[in-house]
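For reference, the structure is listed below as structure tokens.
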Amino acid sequence: MNPKSKNAKQKIFELVDYYEGRALNNDDESIEDFCLGRCDAMHNVLVALDIEIEYIDWQTKQ
């Protein structure tokens, strides 16, 4: 795999993980809504790139 592709995937995975964590661990409803929106958008990217299963595998190894 191209190193740039691997780095891009890693960054996408980290962003999704970040927004999921912020959405789940935030008491401020407006920030929670914002993070959930970002999380939904990032999951759409994972689906579009056909790497959602890879993300789940990556997440379970963290």
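At a glance:
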read-out	value
Share of carbon and sulfur in the accessible heavy-atom surface of the chain [1.4 Å probe, %]	52 percent
Assigned charges on the beta-carbon of Lys, Arg, Asp, Glu; the chain dipole about Cα centre (debye)	560 debye
Segment His43-Asp27, length gained on full extension (0.36 nm per residue, minus Cα span)	3.5 nm
Efficiency of FRET from Cβ geometry, Gln62 and Leu36, R₀ 30 Å, rounded to 0.05	0.90
Which of Ile56, Val16, Asn2, positive extreme of dipole for the chain (C-beta unit charges)	Asn2
Solvent accessible area, Å² - Leu24, 1.4 Å probe, full protein context	140 Å²
Reachable aspartates and glutamates, given that their alpha-carbon falls under 18 Å from the alpha-carbon of Lys61 and they are not under 8 places away in the same chain	Glu14, Asp17, Glu20, Glu52
Helix 29-48 vs. the chain, principal-axis angle (Cα, 0 to 90°, nearest 10)	20 degrees
Relative counts (whole %) of C-alpha pair distances in the chain, using bins that are 10 Å wide	23, 50, 23, 4, 0
Degrees, to the nearest 10: 52-61 long Cα axis against longest axis of the chain	80 degrees
Solvent exposure of the chain as accessible area per residue, Å², 1.4 Å probe	75 Å²
Estimated inter-spin distance, Ala8 and Glu54, nm [label 7 Å along Cα→Cβ]	1.0 nm
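The values are calculated or read from the model by the stated rules, or taken from the named source; none is laboratory data. Just so you know, these numbers come straight off a predicted model, no measurement behind them. Using ideal geometry, Cβ is built from the backbone for each residue, glycine included, and neighbour counts are taken over all protein chains shown. Just so you know, the surface numbers come from the protein's heavy atoms only, side chains and all, with ligands and any DNA or RNA stripped out. Shrake-Rupley method; radii C 1.70, N 1.55, O 1.52, S 1.80 Å.
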